Amino acid sequence: MPYLIELSFSKNNLSGKIPSSICQLHIAVMDFSSNNISGVIPESICSTASLRSLHLSNNRLSGELPLSLKDCTELVLLDAGHNDLKGEIPTWIGESLTRLEFLKLRSNMLAGHIPPNLSRLSALNLSTLQIMCFWELFQGALEILLP
């Protein structure tokens, strides 16, 4: 399966961690949403640049967004909402993920500033930008996201 296009394990009540071996496949769409997956997002999640859509929402993932995600330069959708992620929204999202249209990080334990360079993402759909929720503790002005 080295050239599998879409891998969807959504809504299967899977538990455990995301195996790093899955990340070696050339996949355009990876969907682990709505399961019981725990642990951190593997550093190798973007070992191939072909990943365009990453669905990790509604699990029990912890830790921070891995730095290796910045190598997913073809990424159009990143949904890691409804997990136990912590830390700040990384500034590299606005620098490296230039094709990003949908960013969903809601309902985590994120805190800090919303990176001003998110406004550089010309394709980002602001109507679906979901980074704030009751649990997040963000600071700063929202004007940075407005054109």
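The values are calculated or read from the model by the stated rules, or taken from the named source; none is laboratory data. This is a predicted model, so every value here is computed, not measured. We place every Cβ from the backbone using ideal geometry, glycine too, and count neighbours over all the protein chains shown.
Of the candidates Ser50, Ser68, Ser57, the single residue that is surrounded by fewer than 21 Cβ atoms within 10 Å (Cβ to Cβ), part of a loop (DSSP other than H, G, I, E, B) and either modelled with pLDDT of 95 or more or of a type in the set (Gly, Ala, Ser) (or both) is Ser50. For the range 69-113, a tally of residues being more than 11 Å from the chain's Cα centre (by Cα), of a type in the set (Gly, Ala, Ser) and under 19 Å from Glu43 (Cβ atoms) returns 2. Restricting the range 34-47 to residues that are modelled with pLDDT of 95 or more and surrounded by fewer than 17 Cβ atoms within 10 Å (Cβ to Cβ) leaves a set whose member that is nearest to Leu100 (Cα to Cα) is Val40. When the range 16-33 is limited to residues that are closer than 22 Å to Leu100 by Cα and among the small types (Gly, Ala, Ser), the one that is surrounded by the most Cβ atoms within 10 Å (Cβ to Cβ) turns out to be Ser33. Within the range 1-42, the residues that satisfy the criterion of being within 20 Å of Asp84 (Cα to Cα), assigned to a loop (DSSP other than H, G, I, E, B) and of a type in the set (Val, Ile, Thr) are Ile18, Ile41.
So is Ile45 assigned to a strand (DSSP E or B) and under 24 Å from Pro19 (Cα atoms) or not? No: the conditions fail for Ile45.
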